[in-house]
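Okay, so here's the structure we're looking at.
The values are calculated or read from the model by the stated rules, or taken from the named source; none is laboratory data. A quick note: this is a predicted structure, and the numbers were derived from the prediction, not measured. Cβ placement follows ideal geometry from the backbone for every residue including glycine, while neighbour counts extend to all protein chains displayed.
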Amino acid sequence: MDIEEFELAMNAFNFGQHQDALTYIETLKQVGFTLADLYTYVETKKEILNAATERKHKDNPSRICSDCKAIMLLLPVNVSLETQTGDDSKSVWLCRNANCMHTIYNKQTLEEIVKEA
């Protein structure tokens, strides 16, 4: 094997990551699993996590920022000293992009917005 060719082809990974991969593969063998089992595990776990994420998104509506196209967060306002806005808003859409931070204040509570979604 050509070490330099290998390093060039696998340059996205550092030496420690290669060692970790070997340790993982050896442990997998020692406990009686195969790489096929690993692939099955990862695909199954992704499906479970994606289903959970879909359920979460149904319960937590989202919207896209009109200014920068990032996903906006829906947060409560005027519910504690730290969230006072000086008006009668009950929630706010807040852009997650730190360079944008576009905000849209709402008269509806989070619960009311979730019901409408």
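Anything in region 76-101 that is in a strand (DSSP E or B) and in contact with a helix residue (DSSP H, G or I) (Cβ under 8 Å, 6 or more places away or on another chain)? List them, or say none.
Across region 76-101, the qualifying residues are PRO76, SER91.
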Being in a helix (DSSP H, G or I), of a type in the set (Val, Ile, Thr) and surrounded by 11 or more Cβ atoms within 10 Å (Cβ to Cβ) narrows ILE25, ILE104 down to just ILE25
Picked from region 83-101 (must be under 25 Å from the mean Cα position of the chain (by Cα) and of a type in the set (Ser, Thr, Tyr)), the residue surrounded by the fewest Cβ atoms within 10 Å (Cβ to Cβ) is THR83
Can you find even one residue in region 68-82 that is over 18 Å from LEU110 (Cα atoms), surrounded by 12 or more Cβ atoms within 10 Å (Cβ to Cβ), modelled with pLDDT of 90 or more and in contact with a strand residue (DSSP E or B) (Cβ under 7 Å, 6 or more places away or on another chain)? yes
If we keep only residues of region 35-61 that are surrounded by 11 or more Cβ atoms within 10 Å (Cβ to Cβ) and at pLDDT 80 or above, then the residue farthest from the chain's Cα centre (by Cα) is ASP37
Across (1) modelled with pLDDT of 90 or more; (2) more than 30 Å from ASN106 (Cβ to Cβ), CYS65 clears everything bar (2)
